[in-house]
């Protein structure tokens, strides 16, 4: 039963670490590869939330009888981008509170 208490890092963390290792030569150009790792990890962890936001916008359009086409793209994308910007601001505030220096 000991295996139940072993914490496995999420797949996105392993992928982000791999990208950090691949970007190691960028250190010669004084580029912080840890920041690249953090950005990749956050981006990958946001994918399910973005999918949920898109589903919500799609369902809202169906409820309001709005066709999803290029004519209505401005309305649809504005709602989606607003929710995305709110989520990014929340992440930014959380990182500042945790003391991340970027």
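All of the numbers you see were taken from the coordinates with simple rules; none came from a lab. No experiment lies behind these values; they were computed from the predicted model shown.
Computed from Cα positions, the angle between helix 11-22 and the longest principal axis of the chain comes to roughly 60 degrees. Any idea what log10 I(q)/I(0) is at q = 0.26, 0.27, 0.31, 0.35 Å⁻¹ for the range 17-56, Debye with uniform C-alpha scatterers and no solvent? Log-scaled intensity ratios, in q order: -0.78, -0.82, -0.95, -1.07.
Coordinate range of the alpha-carbon atoms in the range 52-102 per principal axis, descending: 45, 17, 11 Å. Rounded to the nearest 10 degrees, the inclination of helix 33-63 to the longest alpha-carbon principal axis of the chain is 20 degrees.
With the convex hull of the Cα atoms taken as the outline of the chain, the averaged projected area works out to 10.8 nm².
Would you mind checking the tilt of helix 73-97 against the longest principal axis of the Cα atoms of the chain, expressed as 0 to 90 degrees and rounded to 10? So the inclination is approximately 30 degrees.
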